[in-house]
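Comments concern the structure below.
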């Protein structure tokens with residue numbers, strides 16, 4: 001092709017760009033060194049990661065730390081503590097009382113899986129475990145609300161305590177929903193956002209209902 | 001090697017002129033496909049002539065068959081196959097919900113709103129919402145009814161959630177399965193013009209359950225009359241959606257079987273509503289305030305004895 005012989009890039013056009021190296025790439029040296037480190041360091045590193053995510057949930061900003069380095073330790077701890085705190089409720093002989101430990105566990109995990117599947121089926125770009133991680137971590141405000149409710153119920157179970165519990169649970173429910181929506185909404189196609197947000201709303205509503213209707217013996 | 005002139009844009013003559021110059025040249029003709037009128041703005045069309053077509057769905061049956069053939073081509077073990085059932089936007093879901101709550105007389109829900117794009121999002125999440133609405137409203141209503149009594153100790157009644165879930169999901173999936181099987185069987189005997197796929201039937205049933213969500217919330221009101229009025233009202237609305245959907249599918253059949261099918265559909269729907277009301281909502285034990293009646297009897301007795 002003689003026509004292309006004199007094609008060349010002039011020297012004074014700068015060729016530039018950006019290459020981002022994904023954070024967290026392991027070199028063989030690093031792997032070797034974490035094997036030798038004391039156990040305390042390993043545990044502290046994981047605990048710090050979990051703690052950092054808790055902070056992200058309480059003050060939701062549009063950061064991608066929660067999404068990138070997902071882990072399921074936080075959701076597990078939150079789920080177990082919430083399920084434990086929901087025990088000791090009014091279990092009559094009719095056995096029509098509050099949810100059992102297994103029921104809370106199943107509702108939280110099965111609900112999170114269904115919501116994740118729903119968002120992926122609707123065309124979301126977030127990965128399965130990232131979504132589970134976000135939904136699990138955003139249960140933190142509701143766990144705090146459960147703690148507050150139990151403390152308030154120690155003081156009494158009248159109308160005033162109910163109103164306090166209602167306000168606290170309502171506020172935490174709003175916080176949870178807003179936090180998880182802030183993290184998850186960007187990965188959805190724009191004309192289906194409401195379809196993805198509504199199941200999250202329902203999920204946290206059910207958990208809030210379980211917390212609010214907890215009555216001690 | 002192509003010269004520069006060959007690469008320049010060339011004006012071609014009109015087809016007629018070219019053909020006149022060279023009559024034996026091979027020609028290819030591509031016709032514009034006839035535009036089928038969209039049904040989304042059906043209220044702008046003539047209601048008379050279009051009604052039967054709307055109900056039968058014959059005006060766009062070719063197009064819907066084509067669309068159905070194009071869509072679900074992925075094998076059923078891949079994730080993409082199931083994504084085709086969630087191919088709806090927010091406004092489409094809202095439109096379908098609106099169509100189930102305000103049934104337009106004479107317009108078929110499936111043809112008008114679903115249009116060979118049945119989705120599983122609506123049925124699944126409407127059923128989930130209904131389960132929790134019934135459980136929560138039942139709990140709240142029982143709480144308010146028994147509030148003043150000294151022996152009452154509030155229980156969250158969490159068992160009822162699983163019972164509600166089983167009932168509603170069984171209704172929303174098994175009844176369409178049975179109905180679809182029945183329609184397929186009748187189709188093999190009598191040539192029906194209209195036939196629905198299984199997913200379309202699930203879709204209609206799922207969206208027709210939407211009216212029960214506000215109904216369940218209003219059932220908290222502890223008045224028997226109010227509750228039964230609500231039952232009848234919601235039954236009329238969602239029942240009419242179901243009837244208008246399934247009547248065209250059975251009306252070519254034996255008259256008795258057609259009427260029996262539609263009656264069975266309505267009966268099951270009514271059974272669901274009444275059953276939920278009876279099981280999840282305690283009866284309000286309100287005494288009818290009638291102090292006047294004993295006094296009236298007293299006076300009549302007195303006068304009669306005179």
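Some observations on this one:
- Computed as a quarter of the hull surface, the mean projected area of the alpha carbon convex hull for segment B:103-152 stands at 5.3 nm².
- Kirkwood Rh and Cα Rg combined as Rg over Rh, evaluated for segment A:72-167: 1.06
- Note that segment B:114-263, at 25 °C in a medium of 0.890 mPa s, gets a Stokes-Einstein diffusion coefficient of 142 µm²/s from its Kirkwood radius over C-alpha pairs.
- P(r), alpha carbons of segment A:137-217 - 10 Å bins starting at zero, rounded %: 18, 44, 24, 11, 3
- Inter-probe distance in nm under a simple model that places probes 7 Å from Cα toward Cβ, at residue A:117 and residue A:129: 2.0 nm
- Computed from Cα atoms alone, the Kirkwood hydrodynamic radius reported for segment B:78-118 is 11.2 Å.
- Inter-chain Cβ neighbour count for A:117-124, averaged per residue, equals 4 (cutoff 10 Å, partner chain atoms only).
- Length released on extending from residue A:55 to residue A:77, taking residue separation times 0.36 nm less the Cα-Cα span: 6.4 nm
- Taking the three principal axes of the alpha carbon atoms in segment A:157-203, the coordinate ranges are 46, 15, 12 Å, sorted in descending order.
A short reminder: the numbers here are calculations on the coordinates, not readings from a lab. Predicted model, so just to flag it, every value in this text is computed and none were measured. Methodologically, a virtual Cβ is constructed for each residue, glycine included, from the backbone with ideal geometry; neighbour enumeration extends over all protein chains shown.
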